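Notes for the one structure printed next.
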Amino acid sequence: MAASLNLFKLSCLLSLLPNSNLGIWPESRSGNNAAVSPPPSCSRIECPSYDVVHVGNGYEIRRYNSTAWASTSPIEDISLVEATRTGFLHFFVPKENQADPPPAKGLHVQRWESTYAAVRQFSGFVEDSDVGEEAAALTSSLSGTIWSAAIDKSHKSETVTEYIVAQYNSPFEFKNRVNEIWFLFDMEDGNAM
């Protein structure tokens, strides 16, 4: 499976953990911001809001609203485990701070415009091999769909597939872990750009 890992590039790791605010924002457990069935963890932590556009076999297409993220400096071409150790993360900024996130040393604010994501959920602790396998499974599930064409069109200039790993649990939670692989892409008026 190591060969298949070379086909993918880890774009970033999103942290949607309870207590992941690093002490710079008030803790938020206000619950469900999503318009439709969010990951189970979003019933106890604040997550980015989205609409489910389509549900397919092994994937879901979501339209995320624009959001602000507090991010560490990007590190490319390393493993997920190493990225987590070095602190390569994006933290979701709680809704009450979206308009004007407070500054924090070592973090910068990234604003994401409204975007689409093809999403595959999986459980357990995330290992490097899991990431490649789950990304490949998402690619396979999307094969031949209009969503695959939209993703290809959005990423046509890339030589490798970029994806995001979203983790919703604290490292100290052992049961009911929720993780996701996201392929971000653009759509125009509901059609592939």
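None of the figures in this text is laboratory data; all of them are computed from the coordinates on show. Everything numeric here is computed off the predicted structure, so don't read it as measured data. Don't worry about glycine lacking a Cβ; one is built from the backbone with ideal geometry, like all the others, and counts go over all protein chains shown.
Measuring from label point to label point, each 7 Å out along Cα→Cβ, what is the residue 51 to residue 110 span in nm?
Rounded to a tenth, the inter-label distance reads 2.5 nm.
What dipole magnitude, in Debye to the nearest 20, does region 100-184 give about its Cα centre under +1 on Lys/Arg Cβ and -1 on Asp/Glu Cβ? Walk me through the numbers before you get to the answer.
Working: 7 positive and 12 negative charges, 44 e Å.
Its charge dipole is roughly 200 debye.
Starting at the first residue of region 57-66, write each ³J(HN,Hα) from the Karplus equation 6.51 cos²θ - 1.76 cosθ + 1.60 with θ = phi - 60°, in whole Hz, x for Gly and Pro.
6, x, 7, 9, 9, 10, 10, 8, 6, 4
Suppose R0 equals 22 Å; then what is the FRET efficiency for residue 95 and residue 170 from their Cβ-Cβ distance, rounded to the nearest 0.05?
Given R0 = 22 Å and the Cβ-Cβ separation, E is 0.60.
Which order do the peptides 140-147, 62-69 come out in when sorted by mean C-beta neighbours inside 10 angstrom, highest first?
On the way: 140-147: 15.5, 62-69: 18.8.
Ranking, from highest mean packing down: 62-69, 140-147.
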